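Trainee: Structure provided below as structure tokens; questions to follow.
Computed from the coordinates by the stated procedures, all read-outs in this text should not be read as laboratory data. Note that the structure is a prediction, hence the values are computed from the model and not measured. Here the Cβ positions follow ideal geometry from the backbone for every residue, glycine too, while neighbour counts run over all protein chains shown.
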Amino acid sequence: MIPSSHHGSWKGPNRLWFEDPSKPERSDGSLEVSAAKVAYTWSFKDSPEKGEIELFGPAGSVRAGWTDSWHAKKCMTLHGCFAEGCLVLYGTYGEEQEWGWRIELDTRDPEHFVMRMFNLMPDGDIAPAVDLRGARA
């Protein structure tokens, strides 16, 4: 699923939008990428965090299981497709209102692997949540 050109180890800056939308939390991040899995690390206020995205199915109809020690402690199922160098995955969460979550795994730049996450609010607004830009480690 993820092109072999982007398999391997990546490191770079991670930004997390949490408390103040104009001032993301910054930390170092890392990614380990294979055809069907992305494992990553980052930190929040000096506390180490990690996550994993496991991919299943063909590029046109991908299913993913996503866990993250901070964002999604219980596995969240996402669905999406890989097109034009970017895998875009969507899922929903919430009990009283339905919220959405989008993850983009971007391989369009041959020298970087970029993982972006967005919160899709019930009112239709989209807020950035995570941006981890990895360069070859």
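Trainee: Pull up the range 84-137, narrow it to residues that are under 16 Å from the mean Cα position of the chain (by Cα) and among the small types (Gly, Ala, Ser), then point me to the one that is farthest from Leu55 (Cα to Cα).
Mentor: Filtering the range 84-137 for residues that are under 16 Å from the mean Cα position of the chain (by Cα) and among the small types (Gly, Ala, Ser), the one farthest from Leu55 (Cα to Cα) comes out as Ala127.
Trainee: Might you check whether a residue that is in contact (Cβ under 8 Å) with a residue 24 or more places away in the chain, within 15 Å of His6 (Cα to Cα) and of a type in the set (Val, Ile, Thr) occurs anywhere in the range 56-77?
Mentor: No, the range 56-77 contains no residue that is in contact (Cβ under 8 Å) with a residue 24 or more places away in the chain, within 15 Å of His6 (Cα to Cα) and of a type in the set (Val, Ile, Thr).
Trainee: Residue pairs, Cβ under 8 Å, 6 or more apart or interchain, first in the range 27-48 and closer than 19 Å to Phe82 by Cα, second in a loop (DSSP other than H, G, I, E, B) and among the β-branched types (Val, Ile, Thr). List them.
Mentor: Pairs found: Val33/Ile2; Ser34/Ile2; Ala35/Ile2; Ala36/Ile2; Val38/Ile2.
Trainee: Still on this structure, please answer the following. Please enumerate the residues belonging to the range 116-137 that are surrounded by fewer than 14 Cβ atoms within 10 Å (Cβ to Cβ) and β-branched (Val, Ile, Thr).
Mentor: Matches in the range 116-137: Ile126 only.
Trainee: Pairs only if they're at least six apart or on different chains, beta carbon under 9 angstrom, first in the range 81-96 and on the phi < 0 side of the Ramachandran plot, second of a type in the set (A, V, I, L, M, F, W, C) and part of a loop (DSSP other than H, G, I, E, B); list them, first residue then second.
Mentor: Filtered contacts from the range 81-96: Cys81/Ala59; Phe82/Met1; Phe82/Ile2; Phe82/Ala59; Ala83/Ala59; Leu87/Met1; Leu87/Ile2; Leu87/Ala59.
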